[in-house]
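A.B. asks: Okay, handing you the structure first.
The values are calculated or read from the model by the stated rules, or taken from the named source; none is laboratory data. Keep in mind that this is a model prediction, so the values were computed, not measured. Ideal geometry is used to build each Cβ from the backbone, glycine not excepted, and the neighbour counts take in all protein chains shown. To get the accessible areas, we keep the full protein, side chains included, count just its heavy atoms, and leave off ligands, DNA and RNA. Shrake-Rupley method; radii C 1.70, N 1.55, O 1.52, S 1.80 Å.
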Amino acid sequence: MPKRPSESTAFVHAQDKLAFLLALVPYLLDRDRVSVADAAQHFQVGEEQVREAVRLIAVSGVPGETSQYQHGDLFDIAWDDFEQSDEIQITHKVALDDSPRFSAREAAALIAGLQYLQAVPETLDSAVHSSLMAKLARGASEEPSQVAVARSEANGSLAAIRSAVAAGLRIEFDYVSSRGDREHRVVDPLRIDSNNEDWYLRGWDHSRQGIRTFRLDRMSAPTVTDIANLYSPGDLALSDTLFDGSGETLGVVLEVHPAAVSLLGEYLAEGEPQVKRGALVQTTVRVAHIHGLKRLIASLPGVVRVIDPPEARAAVHDWATEALAAYDDETSG
């Protein structure tokens with residue numbers, strides 16, 4: 001006489017069926033119409049098990065105010081297609097549309113975060129991220145705003161430098177400083193950080209005998225040597241900010257609208273006070289050189305003004321004047 005399954009075994013089977021049903025419904029909704037064979041292959045189950053689950057879905061739902069099921073309270077499928085062509089299409093769904101949805105702004109923010117992850121070399125062209133972004137767009141209460149995250153120009157060297165950091169091996173490269181000087185650097189790589197679309201290497205510079213920060217898009221011909229680092233990340237204290245005021249940095253006083261202070265990001269000097277001047281805020285940023293201000297000021301037009309030192313004001317003024325003159329030459333031509 002065959003043995004009856006134990007209660008625990010039956011419970012496990014019931015859990016498996018429930019998990020399968022919970023996964024099957026969104027799968028069918030995402031694809032609008034799918035064959036029984038494709039669904040069975042996707043879930044690695046038999047075709048008859050898929051048919052059984054679909055029939056169960058068709059008698060599932062949420063009772064209305066009378067606490068008794070009416071026709072509109074149940075899922076429904078295209079029965080002719082299901083019985084004659086072995087194709088599944090849900091024609092009526094219940095309760096799902098009443099569930100909380102992301103707002104258009106929330107969905108756009110999440111999509112931007114996923115695009116940023118896709119920009120990292122290890123996840124370039126990731127089908128998983130693309131699929132999740134599409135689901136977020138479809139599931140939002142309104143169509144999300146179109147967003148795009150710029151890819152870093154340093155992607156080619158980032159993977160090699162990341163491997164050097166993990167292996168604890170010294171690297172060599174040619175580097176163009178913010179002054180435009182080209183030098184050969186020998187560095188113990190300690191950490192890789194990012195600020196918006198820019199990537200930075202933090203490491204011990206053997207020629208400067210100190211911790212330095214390098215922008216990856218200013219590096220050329222990076223070479224991973226077989227020489228072990230003299231220092232490891234635990235041996236040296238690294239600031240949580242990219243620009244910590246150490247080494248060859250210059251303090252520049254800016255006047256900025258209060259709402260734009262956070263846009264200064266890692267340029268803000270740690271511990272520097274922010275003094276209110278009428279409707280504006282006066283604060284200090286750190287740059288490697290006066291010419292490094294050009295990129296920062298250009299990214300915040302109309303909301304930032306250079307106050308001190310005088311040579312910084314003059315450099316930004318001259319740069320802006322030259323840019324306007326070049327623009328006038330192009331339009332007149």
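A.B. asks: Quick one: count up the residues across the stretch 160-184 that are modelled with pLDDT of 85 or more, within 10 Å of F214 (Cβ to Cβ) and open to solvent by 20 Å² or more (accessible area, probe 1.4 Å).
C.D. replies: Matching residues across the stretch 160-184 total 0.
A.B. asks: Sticking with this one: Consider A137 against the criteria (1) assigned to a helix (DSSP H, G or I); (2) modelled with pLDDT of 75 or more: it satisfies all of them except one. Which criterion is unmet?
C.D. replies: (2)
A.B. asks: Identify all residues within the stretch 21-70 that are polar (S, T, N, Q) and either open to solvent by less than 50 Å² (accessible area, probe 1.4 Å) or modelled with pLDDT of 80 or more (or both); write none if there are none.
C.D. replies: S35, Q41, Q44, Q49, S60
A.B. asks: Sticking with this one: Is it the case that some residue within the stretch 141-154 is modelled with pLDDT of 70 or more, out of contact with any strand residue (DSSP E or B) (no Cβ under 6 Å at 6 or more places or on another chain) and aliphatic (A, V, I, L, M)?
C.D. replies: no
A.B. asks: Also, quick follow-up: Filter the stretch 27-46 for residues that are assigned to a helix (DSSP H, G or I) and either in contact (Cβ under 8 Å) with a residue 12 or more places away in the chain or of a type in the set (K, R) (or both) and give the result.
C.D. replies: Once the filter is applied, which keeps residues that are assigned to a helix (DSSP H, G or I) and either in contact (Cβ under 8 Å) with a residue 12 or more places away in the chain or of a type in the set (K, R) (or both), the stretch 27-46 yields Y27, L28, L29, D30, R31, V36, A37, A39, H42, F43.
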